[in-house]
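A short write-up of the structure that comes next.
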Amino acid sequence: MKIFLLSALLCFVAGYGFCQNEESENYRAFLKENWTMQSAVTDVATGDKISIPGFNTTAWYKVSVPTTVIAGLIANHVYNFDPFYGRNFEKLGDPSLDKPWWFRRVFELPASENGKNVVLKLHGINYKANVWLNGILIADSTQIIGPFRIIELDITKQVKYRGENVLAIQVKRPFNPQKRGGDLAIDYADWIHYPPDFNNGIVNNVELKTYRKVGIEYPLVTTKFDLPSLAVAHLQVDAMAINYTGKEQDALVKGKINGNITFEQKVHLKPGEKKQITFAPADYPQLNVKNPPIWWPWQYGKPEMSRITLSVSTGGELSNELSESFGIREITSKMLDNQKAREFIVNGKPIMLRGAAWSPDIFERRSKLREEQELGLVRDMNMNIVRSEGKLEDENFYDLCDQYGLLVMSGWMCCGAWQYPERWDAAKRSVAMASDSSVMYWLRDRPSMLTWLNGSDMVPRDKSVETDWLAIEADLKWPNPTVGSAAENVSKVSGPTGVKMAGPYDWVPPSYWEADTGKYGGAWSFATEISPGPSIPPYESLIKFIPKDSISNTSPDWIYHCGTGEFGSTKRFDSALYARYGQPANMMEYLATAQAQNYEGHRAMMEAYGLKKYANATGVVQWMLSNPWPGMIWHTYDYYLYPGGTYFGMKKSMEPLHVMYSYQSNAVDIINSYREKFSGLKVKAGIYNLDGSQKFTKEVTTGVDEDGTKECFVLPEIAGLSGVYFLRLELLDAQGKLRSINWYWLSGKKDELNWKKSTWFYTPQSAFADYTGLKSLAPASLDVHHISAKTDGSTTHKITVTNTGKTVAFFVHLRALKEKGGDDILPVIFSDNYLLLAPGETRTIACSYEDKYAGNGASFIQVSSWNLDREGSKAGENAGFEK
């Protein structure tokens, strides 16, 4: 038996299928269904017995793979409670979770594969395993170790070509991945409580492949343009040829791109040899492609996907063929602002990156549907990047990012074992190196991959580790920039990172982002993780995971669903809310006010970075996009996909053509995120008092450069403003089309920051804006009606809302319910929400969803606002107002 520790990773698909859309090979099967799982404490049989036909697994749990132990137990309804409800998570603890667990699968090979070389690939084991096949131990836990590696086992001598084969994998959990010197496993730092099994299990695919002597794997197509021209793409093709026999082999590798560009190369392989082969454009002129289909991030153009097919044959017989999607694009970076800011460049164009950090489910349960839903929300918020820290995702995730034109930042984990390589012994260092090469092989051909971070909170403290990782990345021709860490470090190996993670992670006011110009988390450099802290879910989500009598921001259940350490409560956010908006009369008022504070805080962060782009700000990643379980902090939408104030503040701020107010300069500005120059833009500003009277209006015609910003005018001092007043901004293009409406609520008393008391996670305030006047805002009546259209299994409502009152209607919230009094339809897409409407103003909002999420009743549009005059308001059919 030969063991190949191949450097490739995580070919993780939800069902039977092919990695990276590979379409044709001799034989390739993902062993997903029909597994059984049991604790080695419960069933004490040994591997030689478990891995033979006829072994009794009647008392074992039926699972599909990938799965962790707890995920498998949940799927088998072992627990009679929702682990996310209240503090039920604590009930999951069980001593057996610290012991090994068995995963067993019976399989047969098709008759057509008789006599071929058979390979078993383990795409991710967390953390160690002993692997048995047909009564024989084929690899032990000194060889099968690490969740971010794929391990290839040649089982040709052990497999049965006829009849049943039995595979049994005994998996051992990681220990202390969150600590220095712990295992190099999946880690969560201070995000959440740790699952008691520490994600023990088979966390990625188990795959069978057959070959006729040789194979071809891991294609890479690298693009170079003659920038700034994009007329010709110079493509280089790389791949790995593998000899699975004990004899020398002469093979022929053939390739085809987009069906019409062909090339081939002869290769000689020694026994068991793995050889990198290259097709360079200088040697293969056909790889200099004129007028190529180019992959762009969504806001710059269409993310055109191309296709490469590679095959290898010996003696005139085809051994294997694979086909993968890739993108013709070139990504580089350069340093700005005295090497403090790294600017990323796609196809010769700088790009301002604004997005959020992805988190998978706490039990590593992934599904194509969930990923499609969440990445759909990412695109709806107008984000162009997601960051994945130390988890890595599955094939479907990267497929969707490729298709949607979303860029991905990924890298190693912070805070625990990964961060302290000086504590690694030789075995852990070997795991780390193999993991890095695996990632390079796996992700290098993904057009969505922007960069790889070799550290998170710091560059590797052992210089030789970063040196060796960089050598691996260069040898495997990683085509994108690599960065030493996600923090503002200067590596002795790779130099300045040009990025930062200087906080904040907790509440700071909207003025913070422009006020800090070079020390903390303000709009300069590339902030890889940053946030104004908590994102309080609405009541409709809270009741799904907190008992109604515990819905209090001081209850143990509430606190349990915050983070850990400094982030174990929402107290800083709450203190600011009370000081700025006044003490809420009850929790329902608190929750409504929290949406407003979430909206203004997150909007201001993204607007400030957009406004300062390329001056010295180059990117910002909200910490985080989503939570791995229902939580109170760090998300743009909650675990149930409910979009609250944070979501719509984010969506507003990142409109591709956007009008905004600067808290720092008191100016009205335009941010343009398109590769298109605009002229003849009309910018309108209006200021309203609490009583609804208009105190100021101004209109200018202007333009903005491609991917540029433009200051339109500075607001003057205005006499007679109420303590709280409203600023309405509107942007129309030259054809009169509405491009952006953006409202602000402002106070004569400003937020002030106590910079001297700044910490790594926030800057406290020394004074607070005064929005308490909003409590006395006079009621405004609304007129609401909608029309609906159904197409291809989805529904779209056009909801028209008119303020028929005399004051500004504040924070008008639209919901789509499954029926009157029913649950929300989720996921749902609103073109805008949490509206402000001037007296007499009308807005039409689009609401869309898939019918399969809508239930069987008549959908109902429910409306609420901060100052709703219910008696004076009117609603059309299947619409109404929240009580």
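Compute the relative contact order of the chain as a whole-number percentage, counting only Cα pairs closer than 8 Å that sit 6 or more residues apart in sequence.
Values: 2261 pairs, mean separation 81.4, N = 883.
Once normalised by length, the contact order is 9 percent.
Can you tell which of Phe225, Pro177, Ser722 lies farthest toward the positive end of the dipole of the chain, using +1 and -1 charges on the Cβ of basic and acidic side chains (Lys, Arg; Asp, Glu)?
In the chain, that residue is Phe225.
To the nearest 10 Å², what's Lys519's accessible area with a 1.4 Å probe?
For Lys519, solvent-accessible area is about 140 Å².
Could you grab the Rg to Rh ratio for the chain? Cα atoms only, Kirkwood for Rh. Please list the in-between numbers first.
Working: Rg = 28.6 Å, Rh = 29.0 Å.
Using only Cα positions, Rg/Rh for the chain is 0.98.
Just for the chain, what percent of DSSP beta bridges are antiparallel, to the closest 5?
Details: 171 of 203 bridges.
Here the antiparallel bridges make up roughly 85 percent for the chain.
Given the pairs Lys463/Lys612; Lys710/Lys749; Lys710/Lys750; Lys62/Lys99; Lys806/Lys883; Lys477/Lys500, which are separated by over 29 angstrom at their Cα positions?
Lys463/Lys612
Could you estimate the translational diffusion coefficient of the stretch 297-441 from the Stokes-Einstein equation, with Rh from the Kirkwood formula over C-alpha pairs, at 10 °C and 1.306 mPa s, in whole µm²/s? Each step should come with its number before you reach the end.
Details: Rh = 18.2 Å.
The diffusion coefficient I find is 87 µm²/s.
Taking N as the number of residues in the stretch 427-511, what is its alpha-carbon radius of gyration divided by 2.2 N^0.38 Å? Please list the in-between numbers first.
Numbers: Rg = 14.6 Å, N = 85, 2.2 N^0.38 = 11.9 Å.
Rounded to two decimals, the normalised Rg is 1.23.
Okay, helix-only estimate at 222 nm for the chain: each DSSP H run of n ≥ 4 adds -39500 (n - 2.57), divide by all residues, round to 500 deg cm²/dmol; what do you get? Can you show the working numbers first?
Values: 12 runs with 126 residues, N = 883.
Theoretical 222 nm ellipticity from helices: -4500 deg cm²/dmol.
How long are the semi-axes of the equivalent ellipsoid of the stretch 205-324, taking √(5λ) for every eigenvalue λ of the Cα gyration tensor, in whole Å from largest down?
Its equivalent ellipsoid spans semi-axes of 31, 16, 11 Å.
List the residues, sorted by chain then number, that are 5 or more residues from Ala767 or on another chain and whose placed amide H is less than 5 Å from its amide H.
Glu752
So, with a 1.4 angstrom probe, what is the percent of accessible area on the chain that is carbon and sulfur? The partial results should precede the final answer.
Values: 14970 of 30850 Å².
Its accessible area is 49 percent carbon and sulfur atoms.
Taking only Cα atoms of the stretch 229-292, what ratio of Rg to Rh do you get with Rh as the Kirkwood inverse-distance radius? Let's see the in-between values first.
Details: Rg = 14.3 Å, Rh = 13.1 Å.
Result: Rg/Rh = 1.09.
Equivalent-ellipsoid semi-axes (√(5λ), Cα gyration tensor) for the stretch 258-367, whole Å, largest first?
Working: eigenvalues 240, 99, 56 Å².
Ellipsoid half-lengths, sorted descending, are 35, 22, 17 Å.
Output the direction-averaged projected area (hull surface divided by four) of the convex hull of the alpha-carbon atoms of the stretch 520-677, in nm². Before the final figure, lay out the partial values.
Details: hull surface 41.0 nm².
If I average the Cα hull's projected area over directions, I get 10.3 nm².
Under a cut-off of 19 Å between alpha-carbon atoms, report the lysines in cross-link reach of Lys256, not counting same-chain residues fewer than 8 places apart.
Here the lysines satisfying the reach criterion relative to Lys256 are Lys224, Lys266, Lys290.
Just read off the accessible area of Tyr762 with the full protein assembly in place, 1.4 Å probe, to the nearest 10 Å².
For Tyr762, solvent-accessible area is about 50 Å².
Pull up the cross-link candidates among the aspartates and glutamates for Lys698, meaning alpha carbon to alpha carbon under 16 Å and not fewer than 8 places away within one chain.
Within the straight-line cut-off, Lys698 pairs with Asp669, Glu711, Glu717, Glu730.
If you filter the stretch 671-717 for trypsin sites (Lys or Arg not before Pro), then keep DSSP loop positions with at most 16 other Cβ within 10 Å, what is left? Could you put the intermediate results ahead of the total?
Values: sites: Arg675, Lys677, Lys682, Lys684, Lys695, Lys698, Lys710; in loops: Arg675, Lys677.
Sites meeting the loop and neighbour criteria: Arg675, Lys677.
Taking only protein heavy atoms into account and a 1.4 Å probe, give the accessible area per residue of the chain in Å².
Working: 30850 Å² over 883 residues.
Counting only protein heavy atoms, the per-residue value for the chain is 35 Å².
The values are calculated or read from the model by the stated rules, or taken from the named source; none is laboratory data. Since we're looking at a predicted model, the values are computed, not measured. Positions of Cβ are generated from backbone atoms using ideal geometry, with glycine treated the same way; all protein chains shown enter the neighbour counts. The protein model used for the area step is the full one, side chains on, heavy atoms only, and it has no ligands, DNA or RNA in it. Shrake-Rupley method; radii C 1.70, N 1.55, O 1.52, S 1.80 Å.
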